[in-house]
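The values are calculated or read from the model by the stated rules, or taken from the named source; none is laboratory data. Just so it is clear, the model here is predicted, and its values are computed rather than measured. Note: ideal-geometry Cβ built from the backbone for every residue, glycine included; neighbour counts use all protein chains shown.
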C-alpha cells in the first residue's frame, strides 16, 4: 500500500464518521483492571440490551482502553454527553440505557464518583479528576477501540509517520525531537533527542530499536495501559524512531504479566503490516521496518537496558558495565536505541504538532506531560496524565479526591523500589525530574503510592529492600550481598532488635551499594532506605534498642 | 610503673589459641615483668577480677558464654578478641549452617558410635547452646582483634607488648595479620 | 548428595500434542538459540511448568549447553521447574496490595490451609504463589484464583473461594 | 603505534589506546585489586574491586571494562575507593562460609590475600551462614559452594578456553550458585571434559583436586592466560 491508498482509507473512514448514522457512542472500558472487575460481561449485556431495543443502527458500542479511574470500574461512557457510569452492575444496564437513550437524562446516583462526591458531575470532563489532567500520551485511550487500526487512523493515526517519511529527513526528525525537550519516561530522564542522535551517528549495516515495556515497579501500570489502550501509537513511535536512527528492525519487550497488552500489540503489528505501515517499503517509500514482540519472563532487572538486551538475546537478564552504551554496541553488538513505551507514545504528537508545542508544556527543564499510576490510600486511584510541574498536592487532593477516610497524608512514594518518599511538608513539590531528585526521590517510571499514618516507614523501606534483594541479578557483589545485608538489618530493626551500630552499618552500606553497584538496580536500591532515613529518621530511632 | 593486670579466657573454642599463647616461650617473662596474669585456664585464678587487658578466646555459643562475656566486658578495660573463633566464629560457627536440633540429632541420636539410647543430654547443670554461634562483637564492644587459627605466638606477643606499654598495636603494619 | 537433574531422561512421546507445539515453535524460530525464552514460554504454557525431559528436549534441539538453559530457566521467575498444583492461588504483593493487606491474606491462607507462598499442598490440589504486581492496583488487594482476578478481597472471602475450588466445602 | 597521554594517580603516562585502565595500571606497577578478572577471558566487571575515580565521570568506573581515553585523569587509591574495597572484601567473607583454618587453599587463597591487602582484621557485618552443598561426585575434583565467591572465572574459562560450557550460574540475587549441566552432580555431567582448567581459574578453595589436604592447594591461573596468548599466536 502506498501513501495514496492510506489517504483513501482514512478519507473513507472519516466520511463514515462524519455522516455518522449513530446518534450515540457508548465506550466500555476494557483495560485490564476493568476486565478484572467484569467489564467483558458488561459489554456483552450492553450489546444484548441495545439489540433488544433495536438500537443497533443508532448506537455504537466500543470497547476501549483505560479511562483512568481504575478503582471505580467497570466503567461505561456515553458520548457525546460524556456521562460516565461507574461500578456497573449488569442488572443496572437496562435502566441506564433506558434513562440515557430514551429519557435523555443520566441516572445521577450511578455516575462516576456519585458515591463519594456530594454531587457528581454530569459531564465527566468537568470533574476535577479529569479537568486537571492533560492527556497526550494517553490521548486516545478510553476513546478508541484499540483492536481496530481504523479507529486510530481516524484520530490522526500514522499521520506523523506519513509526515516524516515524505516531508522530513532523519536529521529533521531528530531536530524536532530535540526541540521538544522530551526526556526518557522510563525513569532516568535522559534527553530522547540526544539518544536518537547518538544512535543515528553510528555507522552500521544494522541497527535496532527496542521498546522497553518491562514495567516492573510494583504499583506501576502506565505502560500496560498505553499498550492496551492505544498500541498503534507506540508502534508508530517506534517506526518513526527507526526511520530517524536508520534501523530496520524493532523489538517490543513486554512483561509476561501483561497478556492483554501482548495480545493487543501483536494484533496491532498484524494490522499495520497488512496496511503496509510496517514491513518492506512502508507507504511505498524505500524505508523498511518491522517489529517483533519479545515476552518478558519475570525479572525486574530486565528494565535495565543492557539486561533487557541480554534477555532479548535469550540469555539471563544480567546487566553489563557501560560504556559501551547500547547506542554504540547493543543488541548483537549493533547500535541500538532503547526507549520506554511512554516515550514512544509521545513521538507522534510531537511530530504532528511540532517540538516547540511540546516544549512549552510543563516546566523549563522537564517538558511535556507525565503519566502516573496513582494508588494506595487515596480516594480515586487509577491512571492519570498531568503536565510536568503539577504539584503533588494537586495530584493527591484535586485529582485523587484526597485521602481515603479523610486520613492525614503521610507520604507519597515515587519511583517504586528505586525511588523515595515525599513527606507531607513537601506536598507542594512540583512533580518534575529535578525537584524530585532534590528531595532524594526520583521520577521513576511513574508509580505513585500514597500512604497515610497507618504506613510504617521502616517497614516500607524493608518491603522495597526485600523486593530489590529478590530482584538482584546476583552478578555484582555490592548488590547481591549488600541488598541482602541491608534487608537483614532492616528486618532486625523492624523486629525491634536493632541497635545504633546496626543503623550505622545500614547507612554506610546504603551509600556503598549506591555508589559501587554495576547497574541502576543496585545503584538505586538504597533510595527508599535513604529517603525514609532522611524524612522519617525518628521512626528508625524509636525502634532501636538502647544499650546500657 | 604500676604492674598491669591481665586475664585470658576460654569460651567457645578449642584452646588452640591458648596453646599458641604458651608458644611465646621465654618471652612470657617479659610479659610477667609488666603484668600479673590474674585469671587464665593455665593459672589458678578462677574469678574474674577487674583487669586492664582480657584476651578472650572462642565464640559465644551458649547462655553461659553470654553471661560470661557481659561480665568480662564490665571487668576489662581492654577486651581483645583472641583468635578466629572470637573474631568471626570460624570452626565453632560451622554449625550455624544447620538448625541446632539437627546438630544435636547428628551428634547424639544418629551417630554411629552412640550407645543405641540416642538421648540428647539435658541435665539442668549443663549449659544451653544458643541456636546460632556469634562472634564477640555481636554481643559486646571489642577493643582489638587478633585473628588467626591459631594466631602466631609472635603476633600475640606483639599485641600484648604494645598494650602493656600503652601503645595501640597495628597488626597489618607489623605484617602480622593472618587468618586461618 | 546433590539433588540435581540428570541430563539423560526418558524420551518424550512425539505424538504428544504438547511436544508438537514446542516442536512447531522451535521450527518457527528457526532453532535460533536467542529464541530460547520464547520457546520456554511455549513449553511452560503447554505444561504449566517445565518438566526436566522437556528441558532436555529443547536443549538438544537448539544445541545449547544444558547449564546455559538451566541458568536461564532459573533466572526468570515466570518459569517453574515444579508443578504448581491443580488449582493456583496467586496473591499479588505489589505495593498497592501490600499497603491494603496482602500480608493478611497470606497469613490467613497459611493459618487455614497450612500453605506458604511457593508451596503446593500434599495432594497437589492447590498451589499458593505471590506475584510482585499484577498491575491491578486499583483493585487492591487482588488475588488471582485460577486465572480469575478476585478484586478487593478479604482474607475470609478468599479462603471461602479456595475451599469451593478444591472441593472441601 | 601512536600513544595517548593519561594521568593515573597524578603520574603522567603515555599508553596504547584501546587498552583498559586495568591493563595500563598493571603494566605500570600501579597496584590494582581484582577478583573476577582473569587475563585471557572476558571481563565482566562484577567484583567491583577495581573501581576507580575518573575525572568527569558521574560514577565510579570498573577499570577492567573501561578503556583509556586521551587525557583521562584516573585515581585508583583515594580514601573512598579504599573504604569501598574493604567493604566489598567484608561482604565476600560474610556471604558464604569461609573458614580459612580448614581450607585447602589456606595460605594460597586470593580472597585471603585480598583481606590482608585491605587490612581487614575482622568483618563488621553479620555472617549470612547459607547452607551450601559440597559436590564430591566427580572422581578427581571437589566443588565446595561454601567457598565460592561467584566470580564466575570457572564459568568463563570452561566456556571460552575449554569450550565445554559445563559450568553456568543458576538462580539470581543472593541465591546464585554455580551449576554443571542441569544442576547435575559434577560427576554425572555430560559436558565436562575433566580438563581441570576451572580448578586453576578458581581464586579460592572452592574447586580443588581430591588428592590434597588443608593448605596444600597450588593454583596456576597464569597458565590459563598463557594458553590464550598461545592460541592467539597460532591464529
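Quick notes
- Criterion violated by residue A:526 - all others in (1) buried (at least 19 other Cβ atoms within 10 Å of the Cβ); (2) more than 16 Å from residue A:415 (Cβ to Cβ); (3) within 14 Å of another protein chain (Cβ to nearest Cβ) satisfied: (2)
- Test: residue in the range A:377-388 that is within 14 Å of another protein chain (Cβ to nearest Cβ), assigned to a helix (DSSP H, G or I) and within 21 Å of residue C:142 (Cα to Cα): no
- Residue check for residue B:120: surrounded by 13 or more Cβ atoms within 10 Å (Cβ to Cβ) and either modelled with pLDDT of 95 or more or more than 19 Å from residue B:93 (Cβ to Cβ) (or both): no
- A single member of A:273, A:322 is more than 25 Å from residue A:68 (Cα to Cα), without any contact (Cβ under 8 Å) to a residue 40 or more places away in the chain and not in a loop (DSSP other than H, G, I, E, B), and it is A:273.
- Count of the range C:144-160 residues which are crowded, with 18+ Cβ neighbours inside 10 Å, out of contact with any helix residue (DSSP H, G or I) (no Cβ under 7 Å at 6 or more places or on another chain) and either without any contact (Cβ under 8 Å) to a residue 24 or more places away in the chain or not assigned by TED's automatic domain parsing to the domain that holds residue C:121 (or both): 0
- Where helices (runs of 4 or more DSSP H) sit wholly within the range C:5-73, those with at least 1 residues that are in contact with a strand residue (DSSP E or B) (Cβ under 6 Å, 6 or more places away or on another chain) occupy C:36-47.
- Test set (1) farther than 26 Å from residue A:239 by Cβ; (2) surrounded by 19 or more Cβ atoms within 10 Å (Cβ to Cβ); (3) more than 20 Å from the chain's Cα centre (by Cα) - residue A:364 fails condition number: (2)
- Within the range C:62-88, if we keep just the residues that are at pLDDT below 95 and touching a helix residue (DSSP H, G or I) at 6+ places or on another chain (Cβ under 6 Å), the residue that is surrounded by the fewest Cβ atoms within 10 Å (Cβ to Cβ) turns out to be C:87.
- Enumerated strands (runs of 3 or more DSSP E) restricted to the range B:1-112, each holding at least 2 residues that are modelled with pLDDT under 95: B:35-39
- Here the range A:474-502 is the region considered, the condition is being more than 11 Å from chain D (Cβ to nearest Cβ) and crowded, with 20+ Cβ neighbours inside 10 Å, and the residue that is nearest to residue D:171 (Cα to Cα) is A:490.
- The residue that is farthest from residue A:67 (Cα to Cα), counting only those in the range A:20-39 that are touching a helix residue (DSSP H, G or I) at 6+ places or on another chain (Cβ under 9 Å) and either surrounded by fewer than 20 Cβ atoms within 10 Å (Cβ to Cβ) or in the same structural domain as residue A:259 (by TED's automatic domain parsing) (or both), is A:23.
- So residue A:293, is it surrounded by 24 or more Cβ atoms within 10 Å (Cβ to Cβ), over 20 Å from residue A:475 (Cβ atoms) and within 14 Å of another protein chain (Cβ to nearest Cβ): no
- Among the residues making up the range A:331-361, those that are in a loop (DSSP other than H, G, I, E, B), touching a residue at least 40 places away in the same chain (Cβ under 8 Å) and either more than 14 Å from chain C (Cβ to nearest Cβ) or within 18 Å of the chain's Cα centre (by Cα) (or both) are A:335, A:346, A:354, A:361.
- Subset of the range A:403-419 that is closer than 18 Å to residue A:393 by Cβ, in contact (Cβ under 8 Å) with a residue 40 or more places away in the chain and touching a helix residue (DSSP H, G or I) at 6+ places or on another chain (Cβ under 8 Å) - its residue that is surrounded by the fewest Cβ atoms within 10 Å (Cβ to Cβ): A:408
- Some residue of the range A:244-251 being within 14 Å of another protein chain (Cβ to nearest Cβ) and modelled with pLDDT of 95 or more: yes
- Residues of the range D:12-27 satisfying the condition of being surrounded by fewer than 13 Cβ atoms within 10 Å (Cβ to Cβ) and either closer than 20 Å to residue D:223 by Cβ or within 21 Å of the chain's Cα centre (by Cα) (or both): D:27
- Of all residues in the range A:186-223, those satisfying the criterion of being touching a strand residue (DSSP E or B) at 6+ places or on another chain (Cβ under 8 Å), within 14 Å of another protein chain (Cβ to nearest Cβ), buried (at least 21 other Cβ atoms within 10 Å of the Cβ) and farther than 19 Å from residue A:289 by Cβ are A:214, A:217, A:218, A:219, A:220, A:221, A:222, A:223.
- Among the residues of the range B:72-91, those identified as crowded, with 24+ Cβ neighbours inside 10 Å and facing another protein chain (nearest Cβ under 10 Å) are B:81, B:83, B:84, B:85, B:86, B:87, B:88, B:89, B:90.
- In this entry, residue C:112 passes the filter for residues that are more than 14 Å from chain A (Cβ to nearest Cβ), touching a residue at least 40 places away in the same chain (Cβ under 8 Å) and touching a helix residue (DSSP H, G or I) at 6+ places or on another chain (Cβ under 6 Å).
- Within the range B:72-98, the set of residues being free of Cβ contacts under 8 Å to residues at least 24 places away in the same chain and closer than 18 Å to residue B:15 by Cα comprises B:94 only.
- Selection from the range D:33-44 of residues that are crowded, with 23+ Cβ neighbours inside 10 Å and within 11 Å of another protein chain (Cβ to nearest Cβ): D:35, D:36
- Just one of the listed residues (B:42, B:31, B:56) is under 23 Å from residue D:101 (Cβ atoms) and touching a residue at least 60 places away in the same chain (Cβ under 8 Å), and it is B:56.
Residue-by-condition table, conditions (1) in contact (Cβ under 8 Å) with a residue 60 or more places away in the chain; (2) out of contact with any helix residue (DSSP H, G or I) (no Cβ under 7 Å at 6 or more places or on another chain); (3) at negative phi; (4) more than 14 Å from chain D (Cβ to nearest Cβ):
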site: B:63; (1), (2), (3), (4): yes, yes, yes, yes
site: B:100; (1), (2), (3), (4): no, yes, yes, no
site: B:103; (1), (2), (3), (4): no, no, yes, no
site: B:134; (1), (2), (3), (4): yes, yes, yes, no
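- Strands (runs of 3 or more DSSP E) contained entirely in the range D:153-235, each with at least 3 residues that are within 13 Å of chain C (Cβ to nearest Cβ) and buried (at least 19 other Cβ atoms within 10 Å of the Cβ): D:167-170, D:177-180
- Test result for residue A:323, modelled with pLDDT under 95, away from chain C (no Cβ under 14 Å) and over 28 Å from residue A:162 (Cα atoms): yes
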